[in-house]
Amino acid sequence: MLSSIWAIFLKDLKSELRTRYALNALFMFVVVTISMILFSTAGEVVSGTLLSGLLWVVIFFSAMSGLSRTFVSEEDRGTVIFLQLATRPSVVYFGKLLFNFALIFGLNLFIVIAYLLTMENFKVKSFDVFLVGLILGGIGLASASTIIAAIIAKANTKGTLYPVLSFPVLLPLLMTTINMTQLSIEGATFSETIGHLRILISYSAVVIIASYLLFDYIWKE
Amino acid sequence: MLWKILLGLYIAIITALAFVIPIGFIPGLGERARIIFLHVPSAWLSVIAFFVSMLYGIRYLRSKNIYDDIKSVSSAEIGFLFCFITTVTGSIWAKFNWGSFWNWDPRETSIFVLLLIYGAYFVLRSAIEVEERKATLSAVYSVIAFVTVPFFIFIMPRIMPGLHPGSKGDPEGAGPVVTFKMDPNMRILFFASLLGFTLVYLWIFNLRSKSEILKLKIENKIYQEVQN
């Protein structure tokens, strides 16, 4: 099972690296969004708490523009039936989940570096809290958006529907991570954010388990 | 038929009592506390309706019977209507008690998210043409959305300070809304109102799902006649 999951992951990685469609689009998307923020706040003194909220706005919308790619491209290329023949649904789900984890980690890394370089007031006092929030937030974001991507790949209006469906499901996660990033800017310690960590971990666990149980129905549709 | 008339009388009496029953003095709220007889039961009704909608969604996934899907949508529609009523009544009340229509209190956030979830649910349904696929995908979406709802209703209000009873820092303790101390009159009428609203829900649900199923049957019949 693990080796087949790894195989799905490698397949997606290879086909992505062959065209670099999602990677290039995402890269430009992040650049455009951050410059948009820079233009609209030019000459203003923007507080760190506001910037940490905007950081998650950038992360959310970049994720929304890139994470649906894994499932939508299978539908577009008509390779769904082939995958259905080749392996079990849960293997496909975890392979795609792994790929989305990798994508969101790369994305977050790029966004944060770009953000730290361009935003003068974005100074993180406790970097460990910030990093853990970013990683756990990324895991939660990827786990919810993977299953939603599988749903919208079967619908007619794929692009607009994706953020609409994902946002309410992701909101508890986003509120927690935004709060945690703000705390890390103010220099909070780990013991102050223990409640946030619990929410983030339980959120990802609940969503991944529910997705695992429900994926069969979507995949065979 | 008889029970519907009785239910009508019961709800009428509850509505009248909600305005006149003595509720004792509640510091900071006074007579405004009477909203609990109508606002909380409609929130309760919408949560029940969404829960039933999800249960029928799961049943559809197992049975693939299109009637289960119809029941699931009917329940979601009723839930959405009452969710809207809860939001509007709560918002008007908040203007007079807390000073603004919307404060992003955790419970206000959670009702807003319920509206968003089911708004998205109906959008998803309208974006798929094949009936079976529509039914399956919307059922899956409602389950995924529902597993995240407890984070709003039970967890976020506890860790974030808010204005509703049962929020973080409430001296009466961080429990569900009804644990704060109530006058006996008020308590009885509140639970009577919850029961009344539940019965109203069952009635509307029955009516709505029956009419939708009949509609489908008639459509199928017309379709068959056209083919012949």
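Give me the inter-chain shielding for A:173-181: mean count of other chain Cβ atoms within 10 Å, whole number please.
2
Given the C-alpha centroids of the range A:110-126 and the range A:30-49, what is the distance between them in whole angstrom?
12
What is the distance in Å between the Cα centres of the range B:87-121 and the range B:42-58?
Here the answer is 19 Å between Cα centres.
Longest segment of chain B with no GluC sites (Glu not before Pro) in a DSSP loop having at most 15 other Cβ atoms within 10 Å? Each step should come with its number before you reach the end.
Working: sites that count: B:129, B:172.
With GluC sites (Glu not before Pro) excluded where exposed in loops, chain B gives B:1-128 as its longest stretch.
Give me the net charge of residue A:212's neighbourhood, meaning all other residues with Cβ under 15 Å from the Cβ of residue A:212; Lys, Arg count +1, Asp, Glu -1.
Details: positive: A:88, A:96, A:220; negative: A:216.
Neighbour charge sum, excluding residue A:212 itself: +2.
How much length, in nm to one decimal, is gained on full extension between residue B:226 and residue B:67, taken as 0.36 nm per residue of separation minus their Cα-Cα distance?
This chain segment gains 54.9 nm when fully extended.
Using θ = phi - 60° and the Karplus form 6.51 cos²θ - 1.76 cosθ + 1.60, what ³J(HN,Hα) does each residue of the range B:102-117 get, whole Hz, x for Gly and Pro?
Taking θ as phi minus 60°, the curve returns 9, 10, 6, 5, x, 6, 5, 4, 5, 5, 4, 5, 4, 4, 4, 4 Hz for the range B:102-117.
What's the average, rounded to a whole number, of partner chain beta-carbon atoms within 10 Å of each residue's beta-carbon in B:111-123?
Averaged over the peptide's residues, the number is 3.
What's the average, rounded to a whole number, of partner chain beta-carbon atoms within 10 Å of each residue's beta-carbon in B:54-62?
Values: counts 0, 0, 0, 0, 2, 0, 1, 3, 1.
Mean partner shielding for this stretch: 1.
What does the net charge come to around residue A:164 if you take all other residues with beta carbon closer than 15 Å to its beta carbon, with K and R at +1 and D and E at -1?
Result for the local shell: +2.
Determine the distance separating the Cα centre of the range A:77-107 from the Cα centre of the range A:154-214; give it in Å without decimals.
With the range A:77-107 and the range A:154-214 each reduced to a Cα centre, they are spaced 21 Å.
Counting Lys +1, Arg +1, Asp -1, Glu -1, what net charge surrounds residue B:143 among other residues with beta carbon under 13 Å of its beta carbon?
Here the count lands on +1.
Any chance you could look up the accessible area of residue A:4 with a 1.4 Å probe, heavy atoms only, rounded to 10 Å²?
Rounded to the nearest 10, the figure is 40 Å².
Order the following by accessible area, largest value first: A:88, A:69, B:125, A:18. Probe radius 1.4 Å; ligands, DNA and RNA are ignored.
A:18, A:88, A:69, B:125
From the cross-link list A:96/A:154; A:154/B:64; B:134/B:210; A:154/B:210, which pairs have alpha carbons spaced over 26 Å apart?
Violating the 26 Å limit, Cα to Cα: A:154/B:210.
Give the ranking of B:95, B:71, B:215, B:210 by solvent-accessible surface, highest area first, calculated with a 1.4 Å probe.
The residues order as B:210, B:215, B:95, B:71, largest area first.
Could you sort A:58, A:32 by accessible area so the largest value comes first, with the probe set to 1.4 Å?
Of A:58, A:32, the descending order of accessible area is A:32, A:58.
Could you work out the percent of alpha carbon pairs in chain A separated by over 29 Å, rounded to a whole number?
Result for the distance tail: 28 percent.
The values are calculated or read from the model by the stated rules, or taken from the named source; none is laboratory data. Because the structure is a prediction, the values reported are computed rather than measured. With ideal geometry, Cβ positions are generated from the backbone for all residues, glycine too; neighbour counts draw on all protein chains shown. Note: areas computed on protein heavy atoms with side chains; ligands, DNA, RNA excluded. Shrake-Rupley method; radii C 1.70, N 1.55, O 1.52, S 1.80 Å.
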